[in-house]
Amino acid sequence: MGPLVNVLSWSLSRQQAFNECRRQYYWQYYGSWGGWDDSAPPEARQAYRLKQIVNLDMWAGDILHTVVEGEVKRLRSGYRPKPVPLRERTRALLNEQWKQSVEQRWRDNAKHNRNLFEHYYGLPVSDARRMEIRDKLFACLEHFCSLPLLDHLMTTDPAAWLAIEHLDTFLADGVPVYVKMDCAVRLNGKVTIIDWKSGKESERDRDQVACYGLYAMQKWRSGLESVGAVLVYLHTPEVVETTIAPETALAMQEKIVTGIHAMRQCLVNPAANEARRDDFPMTDQKNRCRRCNFHEMCYGPGPIVEHE
C-alpha cells in the first residue's frame, strides 16, 4: 500500500465546517493531516488529537449507532433485540469511554480512546447531565426494540441486504462525495435506506436523504422512483418515510458542486489539494469558537472563555 494522499472530497459535515469557520475547516481537513504519525510536526499532531474530540451529544449518538449496528447485524440471523441486554451494553460503553476520557488515554492513542470536549476544555459535567444522557440512550433503545420495522428486516432475504454502517463515495464534478448509510435493503423491490437518529428532525436530514438518492443512482443503478428512505427518530419515537424527487436530487447535486468549487478556490494549489492556513480566516462569529474542537489552536491552551 502506498502513502496516504490527502485528496479533496465533499460531505455534509465537511460543507458544514466550511460554512461555519474556514479556520476550523483548515484544521479538520488539512492542518491535522499526517498527525497520526509520531514523526509529524507538533502542530499537525496537536490538530489531529483535537480532531478526535466529541462533545457529549455527539458521544451519545456514536454509542447509540454502535449498539444499534450490532443488533441490526444480528437481525439477519433471526435474533430480535431485547432492551435489557442493550441497556447493559450501553452502560458498559458509557462507563468505559468516560473512563478513557477522564484518564486521558487518548494521549497514547487519540484515535481509539474517547476524548470528550467537556473534559478536555475543563467544562463541568454534572451527575444529572450524565444521567440525562444515559436515560435518553435507554429510551432510544427501548423504542428501537419495539419497532415493527424490525419484523420486516428479520424476514428479509439475506441477498437483499445492501449496507450496514457503510461508508462509501460517489462522484460529483470528479470529486468523491462521502455518504455513510446506517442500513440499506431491498424491500418489496425498492431500495430502502434506513437512518437511525438520536436527535430531532432537521433540514440536514433532507440533504442527507438526497445524497443517498444520488449514491443509489450511481452505485446501484437505481432510478429515484425505486429508492426510498426511512428516518427513525428513536428518542421521539417517530418513523418518517420519504421518497426523493428528481428536482430534489438535482438541487443537491448543484449544491455539492457549488461547495466543491468554493473549497477549491481557497487552495493555494488546487491540483495537489494543498492549503495554506492564512487563506482560511477565523470566523467573525466568535460565539462559535466556544464549541469548536480546535479552540486551543486559535487561542492557546486553557479553559474556554468569551471572545470578542
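Values in this text are rule-based calculations from the coordinates and carry no lab data. Note that the structure is predicted; figures quoted are calculated from it, not measured. Cβ coordinates were reconstructed from backbone atoms using ideal geometry, including for glycine residues, and neighbour counts include every protein chain displayed.
Stretching the chain fully between R107 and S39 yields a gain of 23.0 nm (0.36 nm per residue, less the alpha carbon separation). Per residue, the average separation of C-alpha pairs within less than 8 Å and at least 6 apart gives region 29-94 a relative contact order of 21 percent.
Would you please classify the overall shape of region 1-124 from the alpha carbon gyration tensor, given that a ≥ b ≥ c denote the square roots of the eigenvalues, rounded means a/c under 1.5, and beyond that prolate means a/b larger than b/c while oblate covers the rest? It is prolate, given that a/c is not under 1.5 and a/b is the larger ratio. Structure remark: mean-square fluctuation, Gaussian network model of the chain, C-alpha springs under 10 Å; the largest value among R129, R22, R76 belongs to R129.
Exposed loop sites here are chymotrypsin sites (Phe, Trp or Tyr not before Pro) assigned a DSSP state other than H, G, I, E or B and surrounded by at most 16 other beta carbons within 10 Å; excluding them, the longest clear run of the chain is 80-219.
Taken about its Cα centre, region 198-251 carries a charge dipole of roughly 240 debye when the Cβ of each Lys and Arg holds +1 and the Cβ of each Asp and Glu holds -1. For A163, the amide hydrogen comes within under 5 Å of the amide hydrogens of A184, counting only partners 5 or more places away or on other chains and with H modelled in the peptide plane. Full extension of the chain segment joining L149 with T66 gains 28.0 nm, where the gain is 0.36 nm per residue of separation less the Cα-Cα distance. Toward the positive end of the charge dipole of region 22-147, with +1 on the Cβ of Lys and Arg and -1 on the Cβ of Asp and Glu, the farthest Cα among A60, F138, G70 is that of G70. Only alpha carbons enter this Debye calculation for region 74-219, each as an equal point scatterer, and the log10 of I(q)/I(0) it gives at q = 0.11, 0.13, 0.15 Å⁻¹ is -0.62, -0.84, -1.05. Computed over the chain, the per-residue total of -39500 (n - 2.57) for DSSP H runs of n ≥ 4 gives a 222 nm mean residue ellipticity of -13500 deg cm²/dmol, rounded to 500. Charge dipole (Cα centre; +1 on Lys/Arg Cβ, -1 on Asp/Glu Cβ; no other charges) of the chain amounts to roughly 520 debye. Projecting the Cα positions of L250, A229, Y299 onto the charge dipole of region 223-304 (unit charges on Cβ atoms of Lys, Arg, Asp and Glu, taken about the Cα centre) puts Y299 furthest along the positive direction.
Working from label points 7 Å from Cα in the Cα-to-Cβ sense, the N19 to K286 distance is 2.5 nm. Using only side-chain charges placed at the Cβ, +1 for Lys and Arg and -1 for Asp and Glu, the dipole size of region 22-147 relative to its Cα centre rounds to 280 debye. Taking each residue as 0.36 nm, the span from V240 to S226 lengthens on full extension beyond its C-alpha to C-alpha distance by 3.3 nm.
Residues in region 225-237 carry Karplus couplings, in order, of 5, 10, 10, x, 10, 10, 9, 10, 8, 5, 7, 5, x Hz; the curve used is 6.51 cos²θ - 1.76 cosθ + 1.60 with θ = phi - 60°, and Gly or Pro positions show x. Shape index of region 170-308: Rg/Rh, with Rg the Cα radius of gyration and Rh the Kirkwood radius from the inverse mean 1/r over Cα pairs, equals 1.07. Once both labels are positioned 7 Å from their Cα atoms along Cα-to-Cβ, the gap between Y79 and K190 label points is 3.1 nm.
Per q in 0.07, 0.12, 0.16 Å⁻¹, report the Debye log10 I(q)/I(0) for the chain, using one uniform scatterer on each alpha carbon and no solvent. Summing over Cα pairs of the chain leads to -0.31, -0.95, -1.48.
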